[in-house]
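The values are calculated or read from the model by the stated rules, or taken from the named source; none is laboratory data. Bear in mind that the values here come from a model prediction, so they are computed numbers and not experimental data. Cβ: placed from backbone, ideal geometry, glycine included. Neighbour counts: every protein chain shown. Note: areas computed on protein heavy atoms with side chains; ligands, DNA, RNA excluded. Shrake-Rupley method; radii C 1.70, N 1.55, O 1.52, S 1.80 Å.
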Amino acid sequence: MRIVLPVLSALLLIALPAQARQADGWRRAAPEAEDASAEALAAMDAAVRAGTFQQITSVLISRNGRLIHEAYFDDGGAEARRNTRSVTKTVTAMLAGAAIARGDIGGVSTPVAPLIASWGPFDNPDPRKDAITVEDLLTMSSLLECDDDNSFSRGNEERMYLVENWVGFAFDLPVRGFPGWIPRPEASPYGRAFSYCTAGVTTLGAAIQSAAGEPLQDFARGALFGPLQIEGEEWQFSPTGLAQGGGGLGLRSRDLLKLGQLLLDGGRWNGRAVLPEAWVTAMTTPHARVDEQRGEYGYLTWLPTYTVGGRPLKAWAMAGTGGNKVVVVPELNAVVVVTTTNYRVRNPHGLADALITEHALAALN
């Protein structure tokens, strides 16, 4: 049978993506095969293209371990490494777990100060700073005067980028105060006073690097990205060459979906153990309370509840500026990735959450 050139070209275009899917470890399935509505997902894509959610760049969904939906709305497409900002923080929590599993760090109660001594000496010496632990940084509850949500805070993230030594910036900070209207740690849920602090997570990355005895990006490649078949990751670096564990890591949207799937599958990827299951449980267990609106917080992991059709669904989320999200919903055995460039848009997280709730999760039966 003779195949005309246009038909042959179409067949090649169909075959090539299948090979790429096989190469990066993802298995695909039609939405209907995993109890999802293809019609509802098509309606979601149409709403995104219509601008309902402003500048969405990709939406991916996995269910039962299979990639069932993948759509791109920018020029970068599937191979673009997208800067998803503070989604990186959850990656740093994964690396902390890998370092503990390897024995490089003794555990979450390990003091951070000895691991970062080479970035010192530090201003405002205080025994309470010396007592800051890995867990304090994992839960955004150290006593450093650091609050990215407060432009007056000495430790606000934007001030860090103005200096060369980002670890020095963090541990030069004084101990935070607790006026009468702010609950002290001992009066807070879980005994921790939450304060969102990128500088602390940057410092945690430095501590992991020191404990591992190799640059953070090299440790991440061997302990996490290599086993997950993630390639071409793009780190941000401090002026002194420290990989930024607090934000800015560039990954493909499929790679982000893998990170969510890793959590959903208890630290395994395609049957291979990458992180201890106990560490994934620790990451996704409440350790601090953010506030009444945002709820509880695990180890650099948000713990929101999404309501879909009146049904509350507990989730684990990686989140970054602009409404970038990796949302894991164990009850649905699903992971949703939404990437955006809504950095100067009003309520970007609300937009992303509406997309996730009203469309992505609603399409799953």
Checking Val336 against (1) over 17 Å from the mean Cα position of the chain (by Cα); (2) touching a residue at least 40 places away in the same chain (Cβ under 8 Å), only one condition comes out false. Which one?
(1)
Only one of Thr139, Thr92 is touching a His at 6+ places or on another chain (Cβ under 7 Å), within 25 Å of Leu249 (Cβ to Cβ), at pLDDT 95 or above and surrounded by 21 or more Cβ atoms within 10 Å (Cβ to Cβ). Can you tell me which?
Thr139
Residues being touching a Phe, Trp or Tyr at 6+ places or on another chain (Cβ under 8 Å) and not in a helix (DSSP H, G or I): count how many of those fall in the stretch 176-221.
4
Strands (runs of 3 or more DSSP E) (entirely within the stretch 247-360) containing at least 1 residues that are touching a Pro at 6+ places or on another chain (Cβ under 6 Å):
288-291, 295-297, 305-308, 316-320
Quick check, is Gln244 touching a Phe, Trp or Tyr at 6+ places or on another chain (Cβ under 8 Å), modelled with pLDDT of 95 or more, open to solvent by 10 Å² or more (accessible area, probe 1.4 Å) and under 23 Å from Val112 (Cα atoms)?
no
Yes or no: the stretch 39-49 includes at least one residue that is part of a strand (DSSP E or B), over 22 Å from the mean Cα position of the chain (by Cα) and surrounded by 15 or more Cβ atoms within 10 Å (Cβ to Cβ).
no
So which of Ala78, Ala33 is farther than 26 Å from Thr321 by Cβ and modelled with pLDDT of 95 or more?
Ala33
For the stretch 270-304, which residues satisfy the criterion of being open to solvent by less than 30 Å² (accessible area, probe 1.4 Å), within 20 Å of Ser109 (Cβ to Cβ) and not β-branched (Val, Ile, Thr)?
Leu275, Trp279, Ala282, Met283, Ala288, Tyr297, Gly298, Tyr299, Leu300
Given the conditions (1) at pLDDT below 95; (2) closer than 21 Å to Lys258 by Cα, report the number of the one that Leu8 does not fulfil.
(2)
Are there any pairs, at least 6 apart or on different chains, whose C-beta atoms fall under 6 Å, with the first in the stretch 353-365 and at pLDDT 95 or above and the second in a loop (DSSP other than H, G, I, E, B), and if so, which?
Leu355/Phe53; Ala363/Ser37
When you check Trp302 against the structure, is it touching a strand residue (DSSP E or B) at 6+ places or on another chain (Cβ under 8 Å), in contact (Cβ under 8 Å) with a residue 40 or more places away in the chain and aromatic (Phe, Trp, Tyr), yes or no?
no
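Okay, residues lined up against (1) closer than 16 Å to Thr240 by Cβ; (2) more than 23 Å from the chain's Cα centre (by Cα); (3) open to solvent by less than 30 Å² (accessible area, probe 1.4 Å):
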residue: Asn150; (1), (2), (3): no, no, no
residue: Gly155; (1), (2), (3): no, no, yes
residue: Arg159; (1), (2), (3): no, no, no
residue: Glu164; (1), (2), (3): yes, yes, no
residue: Asp172; (1), (2), (3): yes, yes, no
residue: Ser188; (1), (2), (3): no, yes, yes
residue: Cys197; (1), (2), (3): no, no, yes
residue: Gly205; (1), (2), (3): yes, no, yes
